[in-house]
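Worksheet for the structure shown next.
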């Protein structure tokens, strides 16, 4: 038993989020007028910011606390930083949108904070129960905010679809966890690693497959991606931003942690699953996005493809591979926030629009936004010297070094196909006849767009901090 | 020992049969009743394992609260019984085939897992703490739930809180035309604000005063 103060010191961000969420809820219930968001969103951003700063409280030491359910290490801190940054970004982008769409209820920021708390618990999980509780805390909040615009049938449909399929995936994950517990006799990741050596029993392998299927659903990897386009399109845009940024970070983090710490001795068994889903995701992400006319649907397929690219790094199953995944996720987060900031700037005479055609001739009307969005699209396509290229480079080279040539070649091919629809957006913005002009975007949205494109363009000149932080984070898993 | 085995088979067989009946029953109310039967028998299985606390919780929470709530919901839903009576084979044969295929895969997997488990080469890593004699189930759970599993307990609490917030956000609607009780307003009422003394003249009524 570790002393309570020691445990608290190593889970300060979580404690801040938990207490902060409860405080915000009480403030909203007793002080907000008609349930409207009063200053709750702003306070939520402050709380998430404090949690982010507290991650730097103690960068050196690692600790296993809360009776072995929770681990505080460099890997966790890195991914928690990304998840918190994604949540802050989504909340900043939501301020203007929620007010204009008249769905600015105070529960929204509270649910975002609770979902982020779930993500942090998930990222730090060190046994199967903590994993499940973190995942459910995150998912349950996500189901609710997907349907947050409850008078809009599309949002309700998105919420219901996500809920039904999410419950199914949780069932698969639990079934897998029970099989693993049944064969390993323990729920801690370290214990499972000790029990599963040599040729694993058939029960454990089935458990592993079900567990990874459940997690693949959360990461929206093919063949568990069916919900993604509908939910991304139907949910309010800031919610979609949150799904594509923060939620992806947490799901990828726990997938990496569980295969690296609980199943390090059965790499061939899980590698084939990762390779299979990775190839399918890259292919679906590349081909299915071509015919899309709705930009949120396009981003959904794009995110499916990008998860496939990130999994290429994980398939290498070594320290460099994990580092590649971490760098990929960090850059993907920046690109996603930027892309959604651009989507949230698409407003014609007070109505938000989502068609790619509405971007036509944007360069003549708003050159700055066109330039930023073009940079983000080219980066998503992976064109050097933008950040997206380096993300793919760091994810693919460990796979090549590990001898996974077919995977890397297919990845590059899929990436080439995917270039088509990213470049098409650039072409529409720069060479088509201008459509109706957009309204002036709020300063927060423009700020996020500018910041993310700046980071993308400048990454090549100053990659050191991110690469070394990712290296330190990857090292703590081994 | 023989008696225990006999009860195990009884509970297990009834659980499985009633679980099948939950899915195949034409009438949704019957389905829920079979679900209750399955829960009660599962509680019996827990009792045989010596987990009397879990057994009682299963009966109290699942049978007593969840299943009864289910029953209410099913009775309130507008279910088209004529459509249901036709059976799955007539209405959605495709779905039935897919469902059976999934069930077959899971059954085959279970058999393989059981086979693997019976011939497990390495001994199981033993987790958890063995119960000391004289400590009841409930007591043992109480000893660890708020100490060793404090963190998980709190996280579970947050999950429930989220479910509650979600249910309220998505379903609660304030209708302006519905009159609500306001206790502050009631308490703040005084005689001077509530009563008006009007001198009524003959044949004019209150308006004429």
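We did not get these values from a lab; they are worked out from the coordinates using the rules stated. The structure displayed is predicted, hence computed values, not measured ones. Counting neighbours? That spans all protein chains shown, and the Cβs are built from the backbone with ideal geometry, glycine included.
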(request) Choose one answer from B:17, B:100, B:49: the residue with the largest mean-square fluctuation in a GNM of chain B with alpha-carbon springs under 10 Å. (result) B:100
(request) For residue A:424, put the label point 7 Å out on the Cα→Cβ axis and report which residues of segment A:272-301 keep their amide N under 17 Å from it. (result) A:283-301
(message) Can you compute the equivalent ellipsoid semi-axes for chain A, i.e. the square root of 5 times each eigenvalue of the Cα gyration tensor, sorted largest first and rounded to whole Å?
(response) 33, 27, 20
(message) Rounded to the nearest angstrom and ordered from largest down, what semi-axes does the equivalent ellipsoid of segment A:1-219 get from its C-alpha gyration tensor (root of 5λ)?
(response) 33, 23, 12
(message) I need A:379, A:363 ordered by Cβ neighbour count within 10 Å, fewest first.
(response) A:363, A:379
(request) Take the Cα of residue A:451, step 7 Å along the line toward its Cβ, and report every residue of segment A:249-264 whose backbone nitrogen sits under 20 Å from that point. (result) A:249-250
(request) Using just the helices of the protein assembly as shown, give the 222 nm mean residue ellipticity in deg cm²/dmol: DSSP H runs with n ≥ 4 each add -39,500 (n - 2.57), and the total is spread over all residues, rounded to 500. (result) -23000 deg cm²/dmol
(request) Take every Cα pair under 8 Å in segment A:1-219 that's 6+ residues apart, average their separations, divide by the length, and report that relative contact order as a whole percent. (result) 17 percent
(message) What number does segment A:1-61 give for Rg over Rh if you use C-alpha atoms and the Kirkwood radius?
(response) 1.12
(message) Quick check: residue separation of residue A:61 and residue A:265 times 0.36 nm, minus the Cα distance between them. What number comes out in nm?
(response) 70.8 nm
(request) Please work out the Cα center distance from segment A:42-112 to segment A:181-245, rounded to the nearest Å. (result) 22 Å
(message) Let me confirm one metric for peptide A:67-77, namely the mean number of other chain beta-carbon atoms within 10 Å of its residues' beta-carbons.
(response) 2
(message) Using Cβ counts within 10 Å as a stand-in for footprinting exposure, how do A:67, A:397, A:124 rank, fewest first?
(response) A:397, A:67, A:124
(request) For residue B:182 and residue B:14, calculate 0.36 nm times their separation in residues minus their Cα-Cα distance, and state this gained length in nm to one decimal. (result) 55.2 nm
(message) Could you work out the relative contact order of segment A:266-478? I mean the mean sequence separation of Cα pairs under 8 Å and 6+ apart, divided by the number of residues, in percent.
(response) 31 percent
(message) Let me confirm one metric for peptide B:102-110, namely the mean number of other chain beta-carbon atoms within 10 Å of its residues' beta-carbons.
(response) 1
(message) Along the Cα→Cβ direction, 7 angstrom out, place labels at residue A:4 and residue B:147. What is the inter-label distance in nm?
(response) 1.4 nm
(request) Taking the Cβ of each residue in A:372, A:419 as the centre, tally the other Cβ atoms inside 10 Å and list the residues starting with the fewest. (result) A:419, A:372
(message) Over chain A, what is the relative contact order in percent, taking alpha-carbon pairs closer than 8 angstrom and at least six residues apart?
(response) 15 percent
(request) Could you work out, residue by residue across A:190-203, how many beta carbons of other chains sit within 10 Å of that residue's beta carbon, and then give the average as an integer? (result) 3
